[in-house]
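Right, one structure below, let's go through it.
The values are calculated or read from the model by the stated rules, or taken from the named source; none is laboratory data. If you're wondering where the values come from, they're calculated on a predicted model, not measured in any experiment. Backbone-built Cβ (ideal geometry, glycine too); neighbour counts: all protein chains shown. Remember, those area values only see protein heavy atoms, side chains included, never the ligands or the DNA or RNA. Shrake-Rupley method; radii C 1.70, N 1.55, O 1.52, S 1.80 Å.
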Amino acid sequence: QGCIGRDSSQVSIIQVDITQNDTSLCKNSPVTLQVKSTSGLKYQWSTGDSSSTITVRPDRDTRYRVTATDGIGSCSDSVLVRVSQVDTSLRVQGPLTSCVGNDSLVLRAGTASRYQWLRNGLPLASQTTADYRPDSSGGFRVALRDAFGCTDTSRSVTVIKNPLPKVSLSLTGD
């Protein structure tokens, strides 16, 4: 007569979506990434976390990936978090030690949209340009803000301004 055979297989349809789109933020700022949760799924993030929601603080551009599995199959999604890097470079042009009145030293900040020069940690009034010519001794650095509103501070450089030597003249007769 013929043979009758039966077979079955399990089909698993998994969908995983991270609710956050690719985004940009400031260095070390927190961003929460969340999966549109479906019951019965287990999650594994590229960070090692296994919950449906994670908070990260990237210091450089990072792609975060999550894989969802139901024990039969799996599916992945990812999101790119771009990090704005404020240019904190500080160039020194000229001698760090000189006499008061010698304005040959120029401190030049990296590229930013806003600047505030600091002496010994305190803001210098009206010193808000990329270049600064120190006229006194102290530790100088610059606070910067980029076009995205991210802020950072440059390294500090120590400037020494020595007083002018005192000269005394005396006239003597012939």
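Derived scalar couplings between HN and Hα for the range 36-44 equal 5, 6, 10, 5, x, 9, 10, 10, 9 Hz in order, rounded to whole Hz, by the Karplus curve 6.51 cos²θ - 1.76 cosθ + 1.60 (θ = phi - 60°), x for Gly and Pro. Projected label points at Ala130 and Gln20, each 7 Å from Cα along the beta carbon direction, are separated by 3.2 nanometres. Toward the positive end of the charge dipole of the chain, with +1 on the Cβ of Lys and Arg and -1 on the Cβ of Asp and Glu, the farthest Cα among Gln127, Thr111, Pro165 is that of Pro165.
If packing is taken as the average number of other Cβ atoms within 10 Å across a peptide's residues, how do 102-112, 125-135 rank, most packed first? Walk me through the numbers on the way to the answer.
Details: 102-112: 16.0, 125-135: 13.9.
Listed from highest to lowest mean packing, they are 102-112, 125-135.
Over the chain, average the accessible area per residue using a 1.4 Å probe and give it in Å², no decimals. Don't skip to the answer; put the middle values down first.
Details: 11630 Å² over 174 residues.
Per residue, the chain has 67 Å² of solvent-accessible surface.
With the simple spin-label model, which puts each label point 7 Å out from Cα in the Cβ direction, the Leu122 to Thr55 separation comes to 3.6 nm. Gain on full extension, evaluated as 0.36 nm per residue between Asp103 and Thr32 minus their Cα-Cα distance, stands at 20.7 nm. Paramagnetic label reach from Asp70 (point 7 Å along Cα→Cβ; backbone nitrogen cut-off under 13 Å): within the range 32-49, residues 38-42. The radius of gyration of the Cα set in the chain, together with its Dmax, comes out at 30.7, 147 angstrom. Using a probe radius of 1.4 angstrom, the carbon and sulfur fraction of the accessible surface of the range 56-163 is 47%.
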